[in-house]
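Asker: First, the structure itself, so that you have it in front of you.
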Amino acid sequence: MTARSGRWIHEWDPEDETFWNRTGEKTARRNLFFSVLSEHIGFSIWTMWSVLVLFMGPEYGLTPADKFLLTSVVTLVGAVVRVPYTFAVAIFGGRNWTVISAALLLVPSVAAFAVMEPGTSFSTFLLVGLLAGIGGGNFASSMTNINAFFPLRKKGWALGLNAGGGNIGVPVIQLAALAIIGASGGPRVLLGIYIPLIVVAAVLAALYMDNLASVKNDTGAAKDAAREAHTWIMSFLYIGTFGSFIGYSFAFGQVLQNQFDRTPLEAAYVTFIGPLLGSLIRPVGGSLADRYGGARITLWNFVAMGAATAVLIVASMQESLALFTVAFVVLFVLTGLGNGSTYKMIPGIFQAKALARGLVGEEAAAYGRRLSGASMGLIGAVGALGGVGINLAFRQSFLSYGSGTGAFVAFLACYAVCFAVTWAVYLRRPAARPTDTAAAPEEKSQLSYADV
């Protein structure tokens with residue numbers, strides 16, 4: 001039975017198939033649905049400046065470098081706040097914090113509504129952009145919370161769906177902007193649509209979500225996760241996947257405008273396609289990882305990302321808009337696939353470590369859930385910093401060369417390093433040492449990483 005007191009669940013064992021089939025799955029899916037809704041709007045608010053800068057013509061007095069700096073600041077804050085948002089689930093409870101974090105989105109939305117007009121200083125836009133960054137934190141708390149609801153065998157699908165549904169907030173706000181620009185509306189119309197949606201998301205979370213007592217007050221889990229080398233290795237790989245997704249989401253429209261002289265409307269017609277496909281395919285990446293192993297899918301995904309980036313370099317040098325657009329959309333799809341596979345690896349890695357420590361059954365599952373849930377927020381925070389790097393790289397590339405080619409060369413090198421790390425840490429077989437029996441548990445753990 002699921003023991004509940006108010007909106008708290010005190011007994012929760014998703015690894016017990018009888019419990020899961022009787023009541024666990026229904027409860028987990030309900031929390032997943034409303035978590036996705038809140039996270040979805042959070043992503044939209046976080047990335048709204050990727051859209052708002054398209055509205056900001058010459059009358060705003062901002063250079064392309066100013067706009068890339070503005071989106072870099074928004075991305076940076078979104079990455080940093082993911083750390084406290086991870087702790088917040090253990091302090092307040094998953095449902096309670098979802099309500100609070102959703103309501104907080106009103107602050108950047110109302111602030112942007114107030115200042116979005118020509119004549120506003122660049123420093124004011126930077127300050128309001130800082131506020132918008134809190135929308136990026138919703139991902140960390142949502143993933144930490146939902147991770148605790150699902151059994152290991154379902155985590156790839158559940159986490160992929162949770163994150164993918166949130167990521168779709170990026171193309172949705174871009175599509176909304178396309179419609180508004182096409183109707184000759186202004187940015188305040190877009191913001192006016194989202195303000196009531198934020199209220200609805202907060203109210204629904206309050207009515208239909210639950211807190212898990214097993215997650216409450218375990219703030220030490222994040223400290224333990226921070227001591228694990230795998231947390232930082234996976235953070236680096238997540239820079240390559242999610243950092244690329246969020247960075248390109250902010251930068252794609254600006255690159256089209258600055259390098260290919262697209263108008264705001266022409267850029268808006270294209271920019272939503274990549275983030276949309278990248279978001280939709282994220283659960284597919286999680287499901288493929290469930291079936292074939294996250295490390296394998298991640299490895300070959302970095303190969304494909306490198307190939308797509310090489311095509312982008314050629315398209316950029318030849319100034320081929322058609323080839324550039326197609327390659328960029330393909331790269332978006334691959335970032336989404338990699339997002340799903342890397343996040344599936346996290347619970348599997350800590351489950352493997354639990355088994356290597358001699359833990360079995362529910363004890364091993366609880367160890368894996370505790371550390372993987374805590375590490376997800378940290379990994380999400382560091383990974384999002386990749387988006388900052390991408391926007392700064394584009395800014396410098398345009399300042400130095402007048403195009404994004406130099407930035408793409410740097411991204412290609414990054415994907416090559418990500419490939420090497422994935423292979424070396426999670427897929428390379430350790431040398432056999434038959435006489436060293438003490439090393440057997442650790443070797444078993446290393447070998448199992450290929451299937452995480």
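To keep it simple, each residue is scored yes or no on (1) in contact with a Gly (Cβ under 8 Å, 6 or more places away or on another chain); (2) over 26 Å from ALA225 (Cβ atoms).
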| residue | (1), (2) |
| --- | --- |
| VAL284 | yes, yes |
| LEU288 | yes, no |
| GLY306 | no, yes |
| SER320 | no, yes |
| VAL326 | no, yes |
| THR335 | yes, no |
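Asker: Quick one: which of ASP224, ASP210 is in contact (Cβ under 8 Å) with a residue 12 or more places away in the chain, among the acidic types (Asp, Glu), within 21 Å of TYR85 (Cα to Cα) and buried (at least 18 other Cβ atoms within 10 Å of the Cβ)?
Answerer: Result: ASP210 is the single residue among ASP224, ASP210 that is in contact (Cβ under 8 Å) with a residue 12 or more places away in the chain, among the acidic types (Asp, Glu), within 21 Å of TYR85 (Cα to Cα) and buried (at least 18 other Cβ atoms within 10 Å of the Cβ).
Asker: Please enumerate the residues belonging to segment 276-326 that are in contact (Cβ under 8 Å) with a residue 40 or more places away in the chain, outside any helix (DSSP H, G or I) and open to solvent by 30 Å² or more (accessible area, probe 1.4 Å).
Answerer: Of everything in segment 276-326, those that are in contact (Cβ under 8 Å) with a residue 40 or more places away in the chain, outside any helix (DSSP H, G or I) and open to solvent by 30 Å² or more (accessible area, probe 1.4 Å) turn out to be ILE281, GLU319.
Asker: Between TRP97, TRP157, which is open to solvent by 10 Å² or more (accessible area, probe 1.4 Å) and touching an Asp or Glu at 6+ places or on another chain (Cβ under 8 Å)?
Answerer: Within the list TRP97, TRP157, the selection yields TRP157.
Asker: Further, regarding this structure: Of all residues in segment 49-90, which are out of contact with any helix residue (DSSP H, G or I) (no Cβ under 8 Å at 6 or more places or on another chain), assigned to a helix (DSSP H, G or I), open to solvent by 30 Å² or more (accessible area, probe 1.4 Å) and not charged (D, E, K, R)?
Answerer: Matches in segment 49-90: PRO58 only.
Asker: Another question about this same structure. Quick one: count up the residues across segment 100-127 that are among the hydroxyl-bearing types (Ser, Thr, Tyr) and either within 30 Å of MET209 (Cα to Cα) or buried (at least 24 other Cβ atoms within 10 Å of the Cβ) (or both).
Answerer: Residues in segment 100-127 being among the hydroxyl-bearing types (Ser, Thr, Tyr) and either within 30 Å of MET209 (Cα to Cα) or buried (at least 24 other Cβ atoms within 10 Å of the Cβ) (or both): 2 in total.
Asker: Of the residues in segment 327-376, how many are basic (Lys, Arg) and part of a loop (DSSP other than H, G, I, E, B)?
Answerer: 1
Asker: Specify which of the listed residues (GLY136, GLY129) is part of a helix (DSSP H, G or I), touching a Pro at 6+ places or on another chain (Cβ under 9 Å) and not basic (Lys, Arg).
Answerer: GLY129
Asker: Continuing with the same structure: Name the residue that is nearest to GLY137 (Cα to Cα), counting only residues in segment 234-274 that are crowded, with 21+ Cβ neighbours inside 10 Å and at pLDDT below 85.
Answerer: Once the filter is applied, the top-ranked residue is ALA268.
The values are calculated or read from the model by the stated rules, or taken from the named source; none is laboratory data. Please read these numbers as outputs of a predicted model, since none were measured by experiment. Note: ideal-geometry Cβ built from the backbone for every residue, glycine included; neighbour counts use all protein chains shown. Surface accessibility is based on the protein's heavy atoms, side chains included, excluding ligands, DNA and RNA. Shrake-Rupley method; radii C 1.70, N 1.55, O 1.52, S 1.80 Å.
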